[in-house]
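Worksheet: one structure, shown below.
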Amino acid sequence: YDIVVANIVADVIIALAPAAGGLLKKEGLFIASGVIEQRAAEVREALESQGFAIAEENQSEGWRCFVCRQ
């Protein structure tokens with residue numbers, strides 16, 4: 001896929017990160033949102049450990065969104 005989007009809790013995003021990479025085309029985007037501020041660092045680390053580069057990180061009212069590239 002060109003884009004995979006997950007708007008769900010941190011635990012699910014962390015568990016989904018390894019599979020998301022296999023679903024994406026080269027240069028595809030994985031957008032992970034619904035992450036509470038307190039878990040943002042943990043999610044970022046999990047995404048990066050799976051080979052994702054954080055292209056953009058947004059926050060609003062205690063929530064985070066990560067736009068990642070493979």
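The shape of the chain can be summarised by an equivalent ellipsoid whose semi-axes, obtained from the alpha carbon gyration tensor, come to 18, 12, 10 Å from longest to shortest. Each label was represented as a point 7 Å from its Cα along the Cα-to-Cβ direction; for SER33 and ALA55 these points are 1.5 nm apart. This model, with +1 at the C-beta of Lys and Arg and -1 at the C-beta of Asp and Glu, gives the chain a dipole about its Cα centre of some 220 debye.
Of the trypsin sites (Lys or Arg not before Pro) in the range 6-60, which ones lie in a loop per DSSP and count no more than 12 other C-beta atoms within 10 Å? In loop regions of the range 6-60 (DSSP not H, G, I, E or B), the sparsely surrounded trypsin sites (Lys or Arg not before Pro) are LYS25, LYS26. Compared with the dominant principal axis of the Cα atoms in the chain, helix 40-49 is inclined by about 20°. For the chain, the share of accessible area belonging to carbon and sulfur comes to 52 percent (1.4 Å probe, ligands and nucleic acids excluded).
The values are calculated or read from the model by the stated rules, or taken from the named source; none is laboratory data. Keep in mind the model is a prediction, meaning the values are calculated, not measured. Counting neighbours? That spans all protein chains shown, and the Cβs are built from the backbone with ideal geometry, glycine included. Ligands, DNA and RNA are stripped out before the accessible areas are found, and what is left, the full protein with its side chains, is counted by its heavy atoms. Shrake-Rupley method; radii C 1.70, N 1.55, O 1.52, S 1.80 Å.
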